[in-house]
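Taken together, the values in this text are just the output of simple stated rules run on the coordinates, not laboratory data. For clarity, every value in this text was computed on a predicted model and none was experimentally measured. A quick note on method: Cβ atoms are made from the backbone with ideal geometry, for glycine too, and the neighbour counts reach across all protein chains shown.
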Number of protein chains: 2
Amino acid sequence: MIPCQVITSRKNEIIKTAARLRDSASFRREQNAFLAEGARLCADAADSGLLIRAVFYTERAGEKYASYLDRIFPKAEQVNQIADSVAELLGDTRQPQGVFCTAELPKRAAASGIEKNGCYLALEEIQDPSNLGAVLRTAEALGVSGVVLAGSCCDPYGAKALRAGMGAVFRLPLYYEENLALCVRRLRGQNFFTAAAVPTEDALPITGVSFPPAVLLAVGNEGAGLSRQAVAACDARVTIPMLGRAESLNAASSAAILMWEIMRTRGRLE
Amino acid sequence: MIPCQVITSRKNEIIKTAARLRDSASFRREQNAFLAEGARLCADAADSGLLIRAVFYTERAGEKYASYLDRIFPKAEQVNQIADSVAELLGDTRQPQGVFCTAELPKRAAASGIEKNGCYLALEEIQDPSNLGAVLRTAEALGVSGVVLAGSCCDPYGAKALRAGMGAVFRLPLYYEENLALCVRRLRGQNFFTAAAVPTEDALPITGVSFPPAVLLAVGNEGAGLSRQAVAACDARVTIPMLGRAESLNAASSAAILMWEIMRTRGRLE
């Protein structure tokens, strides 16, 4: 593949735009695009059918990651070779691989669009992008049907969330919802069993719950947990039984164990 | 409690030393001490019986966190009130609570000291301090007997690991080991069942393993997984069954699910 152009200046407008897409969630919304870093992540984005506006690669990456780039090039509107210094500017990691792409954001789906039965996870006000990425990665790996991002969660298309998510964001259905309590009530109306994850001892131990085919599991913010309204809207409060003196788990670890229990007891993970 | 002194200068030697303890693992080893931030974490350190060399608190924190400080003061060799600007210098978080302490590191226990049966987790070459902290927090919460840090893991007494660990490091037995494979062989000799966590489909699904009372579960580095030698030394390779296209989980999420399964199937988490 012959690049459209070779970019050597860190002040190139295309590069400046790409760097802003990495750093600013509001700029991503405005431009309806995001920046992905890494050969595999970019190839995952291309495979998922997203429109790839531009791909960027260094000369060395062109050789080292040829098999990944071959998956990206045919789908890219613009192909740019970049100097190493430009890759350092675009990179969010210490040793960038030298492969980046800008891609169009997928259409935001509203949680009201959830129709099929399945196991859904709802995250309320998750603030840490690495936590969010890790949760999406686990959700996809365990076969969760989709994830609802409720309230003002951090952006799954930011650099840290993308890196921690390992491409799960491109394969896992995501839904957006302003108000988790409303979403819970709507799904209860569709015969979903709705469970609020809480760290209190008087909640149902997760080991004692038998989950029906349609489940929404709600997990709250790292510091404050779920909103009172969201907890009140759910059918049940569930908890991970604990033995130590710790009073709660990290949001990502907690979500991992809860999703695991729901999916395991369906007999689908064997 | 009347402070020994009020520190208003960011250039005060005690403060400069405390800040270095936060930032440098080698300085922590040299001084045999670490810096803890946050009222609760400092109180947890004091409760655990560690020698508290000095406590630092702002005037506002003195009122707001009085109940925590009351647990720390009697155990502290030195009590220092600090100006807000000094708290900002010491703080690793955006909005520091204004409570810090320096404490002596506990004696490093060697993994060869593991004698009692129980469920132990071994981490090899874990690099991300937030991951390490989250794993320790989960291990403590689920009642794991102890954690082996093998190879060159990051320091559990660094600022990020302490924050993510929520004080688990003060309550959970930690053991150090240069070479995980040697540690595995030693524990096999003590009739431990040793399991290597791997992300490959030909390993035993964790849902199909029945764990005896003495277990060592080995979990590897975020990027590279376990060393070949460590895997080869173990009785079995175990894996988390997955449904999505993801090929592996985040190290902390993976460790959480594996520890959960081991502890759950002992019937201790109900």
Requested in this report: Find the percent of Cα-Cα distances in the protein assembly as shown that exceed 43 Å, and round it to a whole number.
Outcome: 22
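Summing +1 for each Lys or Arg and -1 for each Asp or Glu, what net charge is found among the other residues whose Cβ lies under 12 Å from the Cβ of residue B:17? Before the final figure, lay out each step's value.
Working: positive: B:11, B:16, B:20, B:22, B:28, B:53; negative: B:13, B:23, B:30.
After counting each charged neighbour, the total is +3.
What FRET efficiency, computed as 1/(1 + (r/R0)^6) with R0 = 51 Å and r the Cβ-Cβ distance, is obtained for residue B:200 and residue A:13, rounded to the nearest 0.05?
Numbers: r = 45 Å, r/R0 = 0.89.
That pair, residue B:200 with residue A:13, gives E of 0.65.
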Requested in this report: Evaluate the Debye formula for chain B with equal point scatterers sitting on the alpha carbons, no solvent, and hand back log10 of I(q)/I(0) at q = 0.10, 0.13, 0.15, 0.16 Å⁻¹, in q order, two decimals.
Outcome: -0.55, -0.83, -1.01, -1.09
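Tell me what chain A gives for mean residue ellipticity at 222 nm when only DSSP H runs of n ≥ 4 count, each as -39,500 (n - 2.57), the sum divided by the residue total, rounded to 500 deg cm²/dmol. If you can, show how the numbers build up before the last one.
On the way: 11 runs with 98 residues, N = 270.
-10000 deg cm²/dmol, from helical runs alone.
Could you compute the net charge surrounding residue A:119? Neighbours are other residues with a C-beta less than 10 Å from the C-beta of residue A:119; K and R count +1, D and E count -1.
Details: positive: A:266, A:268; negative: none.
Combined, the nearby Lys, Arg, Asp and Glu give +2.
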Requested in this report: Calculate the mean, over all residues of peptide A:253-264, of how many other protein chain Cβ atoms lie within 10 angstrom of the residue's Cβ.
Outcome: 6
Requested in this report: Find which of B:74, B:27, B:38 sits farthest along the positive direction of the dipole of segment B:5-104, computed with +1 on the beta-carbon of Lys and Arg, -1 on that of Asp and Glu, about the Cα centre.
Outcome: B:27
Report summary line: Here the residues of segment A:191-205 lying in the modelled label zone of residue A:117, meaning backbone nitrogen under 13 Å from a point 7 Å along Cα-to-Cβ, are A:191-193
Query raised in the report: So which cysteines in chain A don't have a second cysteine's C-beta under 4.7 Å from them?
Result: A:4, A:119, A:153, A:154, A:183, A:234
Query raised in the report: Using alpha carbon centroids, what distance separates segment A:50-84 and segment A:167-228, in Å?
Result: 39
Requested in this report: Would you please classify the overall shape of segment B:126-270 from the alpha carbon gyration tensor, given that a ≥ b ≥ c denote the square roots of the eigenvalues, rounded means a/c under 1.5, and beyond that prolate means a/b larger than b/c while oblate covers the rest?
Outcome: rounded
Query - Spin-label pair residue B:51/residue A:266, simplified geometry with 7 Å Cα→Cβ offset, distance in nm - result: 5.6
Query raised in the report: So how strong a dipole does segment B:1-129 carry about its Cα centre when Lys and Arg Cβ are +1 and Asp and Glu Cβ are -1, to the nearest 20 debye?
Result: 220
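Are there any trypsin sites (Lys or Arg not before Pro) in segment B:165-238 that are in a DSSP loop and have at most 16 other Cβ atoms within 10 Å? List them by number.
Listed in order of number, the matching sites are B:171.
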Query raised in the report: Which of A:132, A:110, A:121 sits closest to the plus end of the dipole of segment A:101-141, meaning its Cα is farthest towards the positive end, when Lys and Arg get +1 and Asp and Glu get -1 on the C-beta?
Result: A:110
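Rounded to the nearest 20 Debye, what is the dipole magnitude of the protein assembly as shown about its Cα centre when Lys and Arg each give +1 and Asp and Glu each give -1 at the C-beta?
On the way: 60 positive and 58 negative charges, 13 e Å.
With Lys and Arg at +1 and Asp and Glu at -1, about 60 debye.
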**Report entry** Per principal axis, descending, Cα span of segment A:5-104 in whole Å
**Finding:** 34, 30, 25
Requested in this report: Could you please rank B:47, B:23, placing first whichever residue has the fewest other Cβ atoms within 10 Å of its Cβ?
Outcome: B:23, B:47
Report task. Please tell me which of these pairs span more than 29 angstrom C-alpha to C-alpha: A:16/B:11; A:107/A:160; A:160/B:64? Result -> A:16/B:11; A:160/B:64
Report summary line: For segment B:109-264, the dipole about the Cα centre with charges only on Cβ (Lys and Arg +1, Asp and Glu -1), to the nearest 20 debye, works out at 300
Report summary line: Sorted by chain and then number, the residues having a modelled amide H within less than 5 Å of the amide H of residue A:109, at least 5 places away or on another chain, are A:176
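Sort A:240, A:14 so the one with the fewest other Cβ atoms within 10 Å of its own Cβ comes first. Spell out each step's value before the answer.
Values: A:240 25, A:14 17.
Final ranking by Cβ density, sparse to dense: A:14, A:240.
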Report task. Going by C-beta contacts inside 10 Å, put B:170, B:193 in order with the fewest on the left. Result -> B:193, B:170
